[in-house]
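A.B. asks: Starting off with a structure, shown below.
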Amino acid sequence: MKKPLDRYTIYDFSNEEIVSEICRKVKALRRSCCFSQQEFAERSGVSIASVKRIEAGTIADLNIGTLIKIMRACGVLEGLADLIPEVPESPFLTDRKSGAKRKNCKSTLKTVAV
């Protein structure tokens, strides 16, 4: 039995498997909106050829701009809000002596977080 792709199992999947799963979900999204491929292409501004390649899973990479257009056309754009989580600022960006903010981390200051 294949594991579901979710926040707990995603690291068990290759990049290609993740793209394939996204493509499968795009097809399910289009069908749940009751759009034909042609109508989906027109509403999203994505070519019909791209829609067919995405749904067939014959693409190696899915352009983020294309994904945004597709999600906007289906009214699920809020799903992108969790794409890149908010993270706290690294303590390595603050000078310990002066408290001033650095633009970049110095490699000599970094430690491996475990």
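A.B. asks: What pairs come up if the first residue lies in region 30-58 and is surrounded by 12 or more Cβ atoms within 10 Å (Cβ to Cβ), the second is not in a helix (DSSP H, G or I), and their beta carbons are under 6 Å apart, counting only those six or more places apart or on different chains?
C.D. replies: The qualifying pairs are C33/C74; R53/I59.
A.B. asks: How many residues are touching a residue at least 12 places away in the same chain (Cβ under 8 Å), within 20 Å of E17 (Cβ to Cβ) and in a helix (DSSP H, G or I) if we restrict to region 59-76?
C.D. replies: Qualifying residue count, region 59-76: 3.
A.B. asks: Would you mention how many residues in region 8-29 are of a type in the set (G, A, S) and surrounded by 12 or more Cβ atoms within 10 Å (Cβ to Cβ)?
C.D. replies: Here is the first cut: in region 8-29, the residues of a type in the set (G, A, S) are 14, 20, 28.
If we keep only those that are surrounded by 12 or more Cβ atoms within 10 Å (Cβ to Cβ) too, we end up with 20.
Final tally of qualifying residues: 1.
So that you can scan it fast, the table gives a plain yes or no per residue for (1) within 20 Å of A73 (Cβ to Cβ); (2) part of a helix (DSSP H, G or I); (3) in contact with a Phe, Trp or Tyr (Cβ under 6 Å, 6 or more places away or on another chain):
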{"position": "R7", "(1), (2), (3)": "no, no, no"}
{"position": "I18", "(1), (2), (3)": "no, yes, no"}
{"position": "K27", "(1), (2), (3)": "yes, yes, no"}
{"position": "R30", "(1), (2), (3)": "yes, yes, yes"}
{"position": "F35", "(1), (2), (3)": "yes, no, no"}
{"position": "Q38", "(1), (2), (3)": "yes, yes, no"}
{"position": "V46", "(1), (2), (3)": "yes, no, no"}
{"position": "K52", "(1), (2), (3)": "yes, yes, no"}
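A.B. asks: All but one of (1) surrounded by 12 or more Cβ atoms within 10 Å (Cβ to Cβ); (2) in contact with a Lys or Arg (Cβ under 9 Å, 6 or more places away or on another chain); (3) of a type in the set (S, T, N, Q) hold for T66; which doesn't?
C.D. replies: Result: T66 passes all but (2).
Every number here is computed from the coordinates shown, using simple stated rules; none is lab data. Note that this is a predicted model, so its numbers are computed, not measured. Don't worry about glycine lacking a Cβ; one is built from the backbone with ideal geometry, like all the others, and counts go over all protein chains shown.
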